[in-house]
Amino acid sequence: MDPWLIWLIVAGVLIVAEIFTLTAALGMLGAAALITAGSAAAGLSPPFQFLVFTVVATVTVLFVRPIALRHVIQPQTTRFGVDALVGKAAYVVSEVTGMEGRVRIDGEEWTARSYDETLVIPQGTTVDVMEISGSTALVYPRE
């Protein structure tokens with residue numbers, strides 16, 4: 001069997017293994033094996049093929065992998081669902097107490113309670129959404 005074909009098979013196995021592990025290390029080794037397959041097809045002798053594999057694998061694992069992982073493992077910058085409502089302004093539709101009330105947040109009407117249970121917030125007041133508990137917005141009046 002030709003050496004380039006062996007390197008190509010090794011590259012394929014490593015890349016498929018990367019799909020299941022998601023470590024980025026096996027993918028880098030697979031890329032190194034793919035480049036080595038090209039050098040084997042160009043006629044390099046086996047010792048130089050191993051040298052090419054070693055150099056490319058070392059460079060990709062030490063320098064490319066950290067960059068790739070940094071882009072994959074990023075904190076979520078945008079909030080979705082009810083988490084996106086926290087901090088928004090709301091309009092009091094019916095008086096809000098520590099037990100009940102209604103507010104309008106982004107055009108949707110929500111049940112609401114006062115964040116401070118002793119406060120009574122009159123209708124027409126602008127409030128801030130402090131927290132969402134189930135389907136109830138906990139609100140506090142703006143100053």
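The values are calculated or read from the model by the stated rules, or taken from the named source; none is laboratory data. Remember, it's a predicted structure, so these values are computed and weren't measured experimentally. Cβ sites come from the backbone with ideal geometry, for glycine too, and all protein chains shown count toward neighbours. Ligands, DNA and RNA are excluded from the accessible area calculation, which covers all protein heavy atoms including side chains. Shrake-Rupley method; radii C 1.70, N 1.55, O 1.52, S 1.80 Å.
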What's the number of the only condition in (1) closer than 30 Å to Gly134 by Cβ; (2) of a type in the set (A, V, I, L, M, F, W, C); (3) open to solvent by 80 Å² or more (accessible area, probe 1.4 Å); (4) more than 20 Å from the chain's Cα centre (by Cα) that Phe80 fails to meet? (4)
Would you please name the residue that is farthest from Thr54 (Cα to Cα), looking only at residues in segment 1-24 that are open to solvent by 30 Å² or more (accessible area, probe 1.4 Å) and small (Gly, Ala, Ser)? Ala17
Take the residues in segment 47-86 that are assigned to a loop (DSSP other than H, G, I, E, B) and modelled with pLDDT under 90; name whichever of them is nearest to Glu18 (Cα to Cα). Ile73
Selection within segment 57-73 - touching a Leu at 6+ places or on another chain (Cβ under 9 Å) and open to solvent by less than 70 Å² (accessible area, probe 1.4 Å): Ala57, Thr60, Val61
Checking Arg102 against (1) open to solvent by 70 Å² or more (accessible area, probe 1.4 Å); (2) in contact with a Phe, Trp or Tyr (Cβ under 6 Å, 6 or more places away or on another chain): exactly one of these is not met. Which one? (2)
